[in-house]
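In what follows, a single structure is set out as structure tokens and then discussed.
The values are calculated or read from the model by the stated rules, or taken from the named source; none is laboratory data. Quick caveat: nothing in here was measured; it's all calculated off a predicted structure. Here the Cβ is made from the backbone with ideal geometry for all residues, glycine too, and neighbour counts use every protein chain on show. Each accessible area value is taken on the protein alone, full model and side chains, heavy atoms only, with ligands, DNA and RNA left out. Shrake-Rupley method; radii C 1.70, N 1.55, O 1.52, S 1.80 Å.
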Amino acid sequence: MAETPALPGLRRIHHVAFAEEEGAALVGRLQELFGLDVDSEESAAGFVERMLPVGECHLQALEATGEGVVRSSLSRRGPGLHHVAFEVDDLAGVLRHLSDNGVELIDRHPRPGGGGHLIAFAHPRSFGGVLVEFVEASPSARP
């Protein structure tokens, strides 16, 4: 079997995201148990995203506030792990690499995401049932 070349420009795990219903207490629980604080909060279509730093990574709490991708995920899978995100240097190049190596992409091109970053998702079918996000961090947000 031919060896697949390494993913170019893979930097680190950027965040691990958890989804919950509106009014659930994930953020409060993380603050209570681990002493974590929210360092950013953004509203998007149908959800609120809260980022809690853990070293060079973040935990991301996605709270469904209306119809949209988070509510849809909760309907299918219930609350819990939503996705894992990897930070990369060149998102467009990573998407080409993944496509060339048979990865099913949800986003074929980078798009704007939270925190001023560029993002793209790969389909869970390509990663053992786990939704995977790739993030090209805005220059001001890189560690």
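Between Ser75 and Gln31, the FRET efficiency estimated from the beta carbon spacing at R0 = 35 angstrom works out to 0.80. Taking every Cα-Cα distance in the stretch 27-116 and sorting them into 5 Å bins starting at zero, the pair-distance distribution P(r) comes out as 3, 11, 18, 20, 20, 17, 8, 3, 1 percent.
Could you tell me how many degrees, from 0 to 90 and to the nearest 10, lie between the Cα long axis of helix 91-100 and the main elongation axis, the longest principal axis, of the Cα atoms of the chain? Roughly 60 degrees, rounded to the nearest 10. What a 1.4 Å probe finds exposed on the stretch 88-143 is 52% carbon and sulfur by accessible area, rounded to a whole percent. Working ranking of peptides 107-114, 63-70 by packing, defined as the average number of other Cβ atoms within 10 Å per residue, highest first, is 63-70, 107-114. Assuming charge only on the beta carbon of Lys and Arg (+1) and of Asp and Glu (-1), the dipole of the chain about its Cα centre is about 360 debye to the nearest 20. Between Asp89 and Val38, the modelled label-to-label distance comes to 3.5 nm, taking each label 7 Å out from Cα in the direction of the beta carbon. Take every pair of alpha-carbon atoms less than 8 Å apart whose residues are at least six positions apart; their mean separation over the length of the stretch 28-143 yields a relative contact order of 18 percent.
For the chain, the antiparallel share of DSSP beta bridges with both residues in that region comes to about 75%. Can you give me the relative contact order of the stretch 83-143 as a percent, contacts being Cα pairs under 8 Å and 6 or more apart? The normalised contact order for the stretch 83-143 reaches 40 percent. Is the stretch 14-59 rounded, prolate or oblate when judged by the Cα gyration tensor, a ≥ b ≥ c being the square roots of its eigenvalues, rounded requiring a/c under 1.5 and prolate requiring a/b larger than b/c? Since a/c reaches 1.5 but b/c is at least a/b, the shape of the stretch 14-59 is classed as oblate.
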